[in-house]
Each structure stands twice: as C-alpha cells, then as structure tokens.
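To start, the structure itself, in structure tokens.
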Amino acid sequence: MKYLLLIGGEGTGSEESSAEVCGSEDVRAWVDEMTRRGVLLDGELLHPAEDATTLRVRDGQVLLSDGPFAETKEQVGGYNLIECANLDEAVEVAAKHPVARFGMIEVRPVLDPADVPG
C-alpha cells in the first residue's frame with residue numbers, strides 16, 4: 001500500500017529551511033536506505049507556506065488567496081511517497097526520517113484508484 005509522508009515543522013522561522021534540512025547527510029542517508037529497501041517512490045521539497053496560493057471556485061468564480069488553506073503554525077515543507085506492506089512498516093520508515101526528531105511527519109494512506117466510486 002502507498003503512504004504519503006507529509007513532512008513538516010512549526011514554521012516558527014527559527015529552524016532550518018526545508019532545503020537545508022533535506023540537504024543534510026542524515027536525510028541523504030535516509031533516502032539511500034529507503035531507495036535500497038525499495039519503499040521510496042518519490043519525494044519533493046516545497047517552498048515556504050507563505051509562497052502558497054489557495055484557490056476556491058464559488059458560483060463559477062475563481063477566488064484566490066495568498067498563503068496556505070490551513071491557518072496553523074504547523075506547515076508542510078515536503079513529502080515522500082512510499083510503498084510499504086502495512087501501516088506498521090510505514091510508521092517505521094517515517095520514524096527513521098531525520099525530520100521526525102525535531103519536526104513532525106504525518107503518515108497518510110493513499111487511496112487506491114480502484115476504491116474510488118464511479
């Protein structure tokens with residue numbers, strides 16, 4: 001089953017940027033290990049949340065606002081798409097990610113297209 005690891009921090013401005021963190025030797029080692037194990041499918045860094053544009057369509061009008069749609073201090077800085085046998089393995093993979101030691105990682109199962117009605 002595929003899982004999306006949403007990798008984030010509290011966005012206090014005091015921590016390293018996503019690019020700085022993910023360029024670290026710890027993260028490169030995690031990527032190498034998960035690639036070798038065959039569980040890492042994809043991953044990208046995101047620009048800071050303040051660079052986001054949120055879009056809504058209401059009554060046929062496209063409405064744009066600056067910033068993320070969620071107004072929280074926790075912000076997503078990147079993601080990894082992994083494929084694991086089950087949630088236990090996904091949690092084990094996420095717990096080894098270096099950001100888990102000071103940030104947070106949300107592990108979310110990816111819906112199989114075969115399970116989408118219609």
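Observations
- Packing rank of 94-104, 66-76, where each peptide gets the mean count of other beta carbons within 10 Å, highest leading: 94-104, 66-76
- Computed with a 1.4 Å probe over protein heavy atoms only, the accessible surface of the chain comes to 69 Å² per residue.
- Placing +1 on the Cβ of every Lys and Arg and -1 on the Cβ of every Asp and Glu, with nothing else charged, gives the chain a dipole about its Cα centre of roughly 200 debye.
- Close amide H pairs (under 5 Å, H built 1.01 Å from N) link Val110 with Lys2, Tyr3, Leu4, residues at least 5 positions away or on another chain.
- Ranking Val99, Ala49, Thr35 by Cα position along the charge dipole of the chain, where only Lys, Arg, Asp and Glu carry charges on their C-beta atoms, puts Thr35 farthest toward the positive end.
- For the stretch 107-114, Karplus couplings with θ = phi - 60° (6.51, -1.76, 1.60), whole Hz, Gly/Pro x: 9, 10, x, 8, 5, 6, x, 5
The values are calculated or read from the model by the stated rules, or taken from the named source; none is laboratory data. In this text, all values refer to a predicted model and were calculated from it rather than measured experimentally. Don't worry about glycine lacking a Cβ; one is built from the backbone with ideal geometry, like all the others, and counts go over all protein chains shown. Areas reflect the complete protein model, heavy atoms only, side chains present, ligands, DNA and RNA absent. Shrake-Rupley method; radii C 1.70, N 1.55, O 1.52, S 1.80 Å.
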